[in-house]
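Step one of this worksheet: look at the structure below.
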Amino acid sequence: MAFIVLRRSRNTRSYYLVESYRDEQRKTRRRTICYLGREQDGTDTLAKALAHWEQVREQAKRELRNAGRDRGPVIRRRIEATTIRISVITEHMQTLVRTEAERANREQQAEEAVYWQSFHRLRRDPTEENARIAKRAFLFLAKRHHPDVGGSHDNFLRVKDAYDQALEVWQDTAA
């Protein structure tokens, strides 16, 4: 798990991207992944740090155009280091977005579990009350998974098939 810390070194306070992990003895450890910038640069989030380092890279590219022979290699190394830092920050931003999406997906599945269980309940115990509960569950899940409201066609078909199978068991016992 990565997070941002503010460290003080003499008169400067700087932000770093730090990762927490466990070593071979299962002890919790931390390692610094990337320097994000000084506190006065306003690099307290990954987005702000990314914008800052892109600006630094552009400034270094302008300096390179005006630099002489002896200064060129130094500026090129600075540009390379900045580009690497930008790629690390971008990678961690993408990881953060993926992690957030996975968490939201797990929460949605946990919330929907009760509704999916109503279909199983109707198949096991086909009563009129369970049929009403399953119909309400179908309406809820259909509204959430319908392609017209941002759901996917496959997920909607999955909901419809589950409800149809449960309803078929109910109709067979009712007949």
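The values are calculated or read from the model by the stated rules, or taken from the named source; none is laboratory data. Everything numeric here is computed off the predicted structure, so don't read it as measured data. Counting neighbours? That spans all protein chains shown, and the Cβs are built from the backbone with ideal geometry, glycine included. Accessible surface is based on the protein model in full, side chains and every heavy atom, while ligands, DNA and RNA are left aside. Shrake-Rupley method; radii C 1.70, N 1.55, O 1.52, S 1.80 Å.
Brief remarks on what is shown
- Scanning the stretch 3-42 for residues that are open to solvent by less than 40 Å² (accessible area, probe 1.4 Å) and farther than 21 Å from Met93 by Cα turns up just one, Asp23.
- Contacts under 7 angstrom Cβ, first residue in the stretch 17-42 being free of Cβ contacts under 8 Å to residues at least 60 places away in the same chain, partner charged (D, E, K, R) and assigned to a loop (DSSP other than H, G, I, E, B), 6 or more apart: Arg29/Asp23
- Residue match in the stretch 110-121 (condition: among the basic types (Lys, Arg) and open to solvent by 90 Å² or more (accessible area, probe 1.4 Å)): no
- Subset of the stretch 43-78 that is touching a residue at least 12 places away in the same chain (Cβ under 8 Å), open to solvent by 30 Å² or more (accessible area, probe 1.4 Å) and not in a helix (DSSP H, G or I) - its residue that is farthest from Arg7 (Cα to Cα): Thr45
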